[in-house]
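Heads up: the structure comes next, in structure tokens.
The values are calculated or read from the model by the stated rules, or taken from the named source; none is laboratory data. What you are looking at is a predicted structure, and each value in this text was computed from that prediction instead of being measured. Cβ coordinates were reconstructed from backbone atoms using ideal geometry, including for glycine residues, and neighbour counts include every protein chain displayed. Side chains included, ligands, DNA and RNA excluded: accessible areas come from the protein's heavy atoms. Shrake-Rupley method; radii C 1.70, N 1.55, O 1.52, S 1.80 Å.
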Amino acid sequence: MEVRPDDLPDGLVVADSGGRVVCFNAAAARITGRSGNEALGSPLQTALPLEDLDGRRWWQLADPYHGLAIANGHPERNLLLPGGHEVLVAARYVRSRPRGPVERVVVTLRGTEARRRTERSHAELIATVAHELRSPLTSVKGFTATLLAKWERFTDDQKRLMLETVDADAHRVTRLIAELLDISRIDSGRLEIRRQPVDVAAAVRRHVEGHLAAGRPADRFDIRIADALPDLWADADKIDQVLANLLENAVRHGAGTVTIEVEPAPSPREPGEKATAVTVSDEGPGIPEESMSRVFTRFWRGSRRGGTGLGLYIVKGIVEAHGGVITVDRAPAGGARFRFILPVGAPAFLA
């Protein structure tokens, strides 16, 4: 099967033994803003007038045709097109024999937007982590130092209060570290799913009971469990994590009754197969329409600040690692409605 230069996602420029451009694909035209017809037949340094970050003309420095006979190209690096447009450029010098003359120069071009987005995302993650760690660690350090220095001066109740605060802040740090590990595994595609039978209805009831034990009124929750749910094989701990996050968001950021529905549904990816759908909705102000597309991105916190903004990103990663889908829209009562669907996911030996 023949692959045409215009099929390639990256820019491709090829110059012949005389330094004339013989290939200038569509991606190269898009990246450089120069038409292929204009570039073909022109000298390489004219078709690609590259400069390094110090403003020096790149092809005069690299000198592929008259430079070192042992040179075979250069690795990818940042170079500049006219107007300061930054591109990632790599080159290969093709010789018919070692130390022979250069017969072709093959250049690849890539835009820097994707790399810069990744760098910005990493910078934001580092800044968020540093901010979220600073507060609890300062508290832990302050209380432990105070207790060590003045233990005898405090009553038992005061000591207990300080130690409870230290314990809560240590839990907050542990949770943040767990979130970072989850993000790392999701981004690298290494989130491990350990499937076992999961009773989603029982898990929902358990989480609601936890909220009731924490002092929230019973009439704040409405649980609706359908009959004849399909058997579900999933990672119980990770499904607990999804439920905990969605319920906590509904309780903290929503209002009115939080409704949790569990019902059978068609598989989102395998037509004809069974799945389980869980819907969590509230009666609060909901999520603005313009923010719906950003709900599952990193650091999204909505109109209310607080938290790392990583929870829903992790929820989406967990659901998708199970082969499921998750969506958000407006609930009938006006609040936010999150719905995730998990395929049955039976292990191969039960299929």
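Of the residues LEU342, LEU350, LEU310, the single one that is modelled with pLDDT under 85 and crowded, with 19+ Cβ neighbours inside 10 Å is LEU310.
Under 22 Å from ASP10 (Cα atoms), among the polar types (S, T, N, Q), open to solvent by less than 60 Å² (accessible area, probe 1.4 Å) and free of Cβ contacts under 8 Å to residues at least 60 places away in the same chain: is that true of THR144 in this structure? Spell out how you get there, then give the answer.
Values: under 22 Å from ASP10 (Cα atoms): no; among the polar types (S, T, N, Q): yes; open to solvent by less than 60 Å² (accessible area, probe 1.4 Å): yes; free of Cβ contacts under 8 Å to residues at least 60 places away in the same chain: yes.
Against the criterion (under 22 Å from ASP10 (Cα atoms), among the polar types (S, T, N, Q), open to solvent by less than 60 Å² (accessible area, probe 1.4 Å) and free of Cβ contacts under 8 Å to residues at least 60 places away in the same chain), THR144 does not qualify.
Please verify whether the stretch 216-227 includes one or more residues that are surrounded by 11 or more Cβ atoms within 10 Å (Cβ to Cβ), modelled with pLDDT of 90 or more and in a helix (DSSP H, G or I). Yes, that holds for at least one residue. Only a single criterion out of (1) out of contact with any strand residue (DSSP E or B) (no Cβ under 8 Å at 6 or more places or on another chain); (2) open to solvent by less than 60 Å² (accessible area, probe 1.4 Å); (3) over 14 Å from VAL278 (Cβ atoms) is not satisfied by ARG252, namely (2).
Here's a check for you: in the stretch 258-280, which residue that is open to solvent by 40 Å² or more (accessible area, probe 1.4 Å), in contact with a strand residue (DSSP E or B) (Cβ under 7 Å, 6 or more places away or on another chain) and not acidic (Asp, Glu) is nearest to VAL200 (Cα to Cα)?
Step one: list which residues in the stretch 258-280 are open to solvent by 40 Å² or more (accessible area, probe 1.4 Å), which gives 261, 263-264, 266, 268-274.
So of that shortlist, the ones also in contact with a strand residue (DSSP E or B) (Cβ under 7 Å, 6 or more places away or on another chain) come out as 261, 263-264, 266, 268-270, 273-274.
If we keep only those that are not acidic (Asp, Glu) as well, we get 264, 266, 268-269, 274.
Numbers: PRO264: 11, PRO266: 16, PRO268: 18, ARG269: 20, LYS274: 15 Å.
The extreme case among them is PRO264.
Out of the residues in the stretch 84-105 that are β-branched (Val, Ile, Thr) and either open to solvent by 40 Å² or more (accessible area, probe 1.4 Å) or within 33 Å of the chain's Cα centre (by Cα) (or both), state the one that is farthest from ASP63 (Cα to Cα). Among those that are β-branched (Val, Ile, Thr) and either open to solvent by 40 Å² or more (accessible area, probe 1.4 Å) or within 33 Å of the chain's Cα centre (by Cα) (or both), it is VAL87. Scanning the stretch 1-25 for residues that are open to solvent by 80 Å² or more (accessible area, probe 1.4 Å) and under 39 Å from the mean Cα position of the chain (by Cα) yields MET1, GLU2, VAL3, ARG4, ASP6, ASP7, PRO9.
Identify, from the list THR155, THR128, THR118, the residue that is within 29 Å of the chain's Cα centre (by Cα), loosely packed, with under 14 Cβ neighbours inside 10 Å, farther than 30 Å from ARG220 by Cα and not small (Gly, Ala, Ser). Quick ask: steps written out before the conclusion?
Details: THR155 fails: within 29 Å of the chain's Cα centre (by Cα); THR128 fails: loosely packed, with under 14 Cβ neighbours inside 10 Å.
Of the residues listed, the single one that is within 29 Å of the chain's Cα centre (by Cα), loosely packed, with under 14 Cβ neighbours inside 10 Å, farther than 30 Å from ARG220 by Cα and not small (Gly, Ala, Ser) is THR118.
Candidates in the stretch 106-115 are the residues that are of a type outside the set (S, T, N, Q) and surrounded by 10 or more Cβ atoms within 10 Å (Cβ to Cβ); of these, the one that is farthest from ALA27 (Cα to Cα) is ARG115. Pick from GLU320, GLU283: which is at pLDDT below 95, part of a loop (DSSP other than H, G, I, E, B) and open to solvent by 50 Å² or more (accessible area, probe 1.4 Å)? The match here is GLU283. ASN249 satisfies every condition listed in (1) within 16 Å of the chain's Cα centre (by Cα); (2) of a type outside the set (Ser, Thr, Tyr); (3) in a helix (DSSP H, G or I) except (1). ALA28 falls short on exactly one of the conditions (1) open to solvent by 20 Å² or more (accessible area, probe 1.4 Å); (2) in a helix (DSSP H, G or I); (3) modelled with pLDDT of 90 or more, and that condition is (1). Looking for whichever is touching a residue at least 12 places away in the same chain (Cβ under 8 Å), touching a His at 6+ places or on another chain (Cβ under 8 Å), among the hydrophobic types (A, V, I, L, M, F, W, C) and more than 23 Å from PRO9 (Cβ to Cβ) here; the options are ALA69, ALA62. Which one fits? Exactly one of ALA69, ALA62 is touching a residue at least 12 places away in the same chain (Cβ under 8 Å), touching a His at 6+ places or on another chain (Cβ under 8 Å), among the hydrophobic types (A, V, I, L, M, F, W, C) and more than 23 Å from PRO9 (Cβ to Cβ), namely ALA62. If I filter the stretch 31-65 down to residues being of a type in the set (A, V, I, L, M, F, W, C) and within 34 Å of the chain's Cα centre (by Cα), which single residue comes out as least open to solvent (accessible area, probe 1.4 Å)? Across the stretch 31-65, the extreme among qualifying residues is LEU50.
In this structure, ARG175 does not satisfy being at pLDDT 90 or above, surrounded by fewer than 17 Cβ atoms within 10 Å (Cβ to Cβ) and not in a strand (DSSP E or B).
Checked against (1) polar (S, T, N, Q); (2) without any contact (Cβ under 8 Å) to a residue 24 or more places away in the chain; (3) within 17 Å of GLU113 (Cα to Cα), ASN25 passes all but a single condition, namely (3).
Looking at VAL208, is it crowded, with 18+ Cβ neighbours inside 10 Å, in contact with a strand residue (DSSP E or B) (Cβ under 6 Å, 6 or more places away or on another chain) and either touching a residue at least 12 places away in the same chain (Cβ under 8 Å) or not β-branched (Val, Ile, Thr) (or both)? Let's see the steps before the verdict.
Numbers: crowded, with 18+ Cβ neighbours inside 10 Å: yes; in contact with a strand residue (DSSP E or B) (Cβ under 6 Å, 6 or more places away or on another chain): yes; either touching a residue at least 12 places away in the same chain (Cβ under 8 Å) or not β-branched (Val, Ile, Thr) (or both): yes.
Yes: the conditions hold for VAL208.
When GLY111 is tested against (1) more than 22 Å from GLY11 (Cβ to Cβ); (2) in contact (Cβ under 8 Å) with a residue 60 or more places away in the chain; (3) among the small types (Gly, Ala, Ser), only condition (1) is not met.
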